[in-house]
1. I'm checking my understanding of the structure. Among residues of the range 170-194 that are part of a loop (DSSP other than H, G, I, E, B) and of a type in the set (S, T, N, Q), which one is nearest to Gly7 (Cα to Cα)?
2. Can you give me the number of residues within the range 195-214 that are in a loop (DSSP other than H, G, I, E, B), within 12 Å of the ligand (Cβ to nearest atom) and in contact with a Lys or Arg (Cβ under 6 Å, 6 or more places away or on another chain)?
3. Among the residues of the range 172-188, which ones are of a type in the set (A, V, I, L, M, F, W, C) and crowded, with 17+ Cβ neighbours inside 10 Å?
4. Does Ile56 satisfy the criteria of being touching a His at 6+ places or on another chain (Cβ under 9 Å), modelled with pLDDT of 95 or more and over 30 Å from Asn121 (Cα atoms)?
5. Checking the structure you have, find out if any residue of the range 130-142 is at pLDDT 95 or above, within 17 Å of the chain's Cα centre (by Cα) and within 16 Å of the ligand (Cβ to nearest atom).
6. Scan Ala173, Ala194, Ala180 and give me the residue that is more than 17 Å from the chain's Cα centre (by Cα) and on the phi > 0 side of the Ramachandran plot.
Amino acid sequence: MDAKEIGCRVESFHIPPQVTLIAVSKRKPIEFIRAAYTAGLRDFGENYIQDAVPKIQALQGYEGIRWHFIGHLQSNKSKLAAQHFDVIQTVDSGKLAKKINAECQKLKKKIDILVEVNIGNEPQKAGVQVGELDSILAQISRLDCLQLKGLMCIPPNDAVSDVYFKHMQEIFALYQKKYALTELSMGMSSDFQAAIEYGATMVRIGTALFGPRE
Ligand SMILES: *Cc1c(COP(=O)(O)O)cnc(C)c1O
């Protein structure tokens, strides 16, 4: 995989204009991100704070670039996340939301927030249970530095995603008006087309863009 090939791959994605393609650059070198940026992408997703910070700093002058945190956020990393990211997609508790909000207050910064939903109800997985979602959304909407934008999910990886995407679409419709939500982040390399059919406004694509990760 080289820069030129990444450019071709970016052009080969057919995604409706209202859907944001988030290039998941975790464990990929900075040249890959530069190539994707040159090909027109502006939104990048990273999972590990320590890996992401040097990349974000190196690309600070890149106009319009937006960094999405899509990994599991430990609360002791919320300061770094608040400092360096534009969007945190994986908020899954009121406690974590408060921590991020406190860091953003110190930084005099507002940050976009998505709430991660444990749509497959998997005990080992992060994310809010569907039954807790309303109360967490209500909590977040009261925090002044957090701009609540929407929901994200990672469906179980051994199953066909459609049924989970459909459920997410229903849940999103339930809370969309009440909390003025605009973003539904779901779909990865293998299932983003289905996700778009079920209303995804953000798809998170790693492998299909940058090749397999070691
Ligand atoms: C790694 C990752 C992706 C991208 O997965 P691919 O299958 O490589 O496209 C998307 N979302 C999250 C949360 C991830 O961790």
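1. Let us first name the residues in the range 170-194 that are part of a loop (DSSP other than H, G, I, E, B), namely 177-182, 186-191.
Retained after the next criterion (residues that are of a type in the set (S, T, N, Q)): 182, 189-190.
On the way: Thr182: 29, Ser189: 17, Ser190: 20 Å.
Residue satisfying both the conditions and the ranking: Ser189.
2. 1
3. Filtering the range 172-188 down to residues of a type in the set (A, V, I, L, M, F, W, C) leaves 172-174, 180-181, 184, 186, 188.
Within the range 172-188, Phe172, Leu181, Leu184, Met186, Met188 qualify.
4. Values: touching a His at 6+ places or on another chain (Cβ under 9 Å): yes; modelled with pLDDT of 95 or more: yes; over 30 Å from Asn121 (Cα atoms): yes.
When the stated conditions are applied, Ile56 passes them.
5. Checked against the condition, which is being at pLDDT 95 or above, within 17 Å of the chain's Cα centre (by Cα) and within 16 Å of the ligand (Cβ to nearest atom), the range 130-142 yields no hits at all.
6. On the way: Ala173 fails: on the phi > 0 side of the Ramachandran plot; Ala194 fails: on the phi > 0 side of the Ramachandran plot.
Matching residue, one of Ala173, Ala194, Ala180: Ala180.
For (1) within 16 Å of the ligand (Cβ to nearest atom); (2) surrounded by 15 or more Cβ atoms within 10 Å (Cβ to Cβ), each residue gets a yes or a no:
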position	(1), (2)
Ala97	no, yes
Leu114	yes, yes
Glu122	yes, no
Val160	yes, no
Ser190	yes, no
Gln193	yes, no
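The values are calculated or read from the model by the stated rules, or taken from the named source; none is laboratory data. From a predicted model like this one, the values you see are computed outputs, not experimental measurements. Positions of Cβ are backbone-derived with ideal geometry, glycine not excepted, and every protein chain shown enters the neighbour counts.
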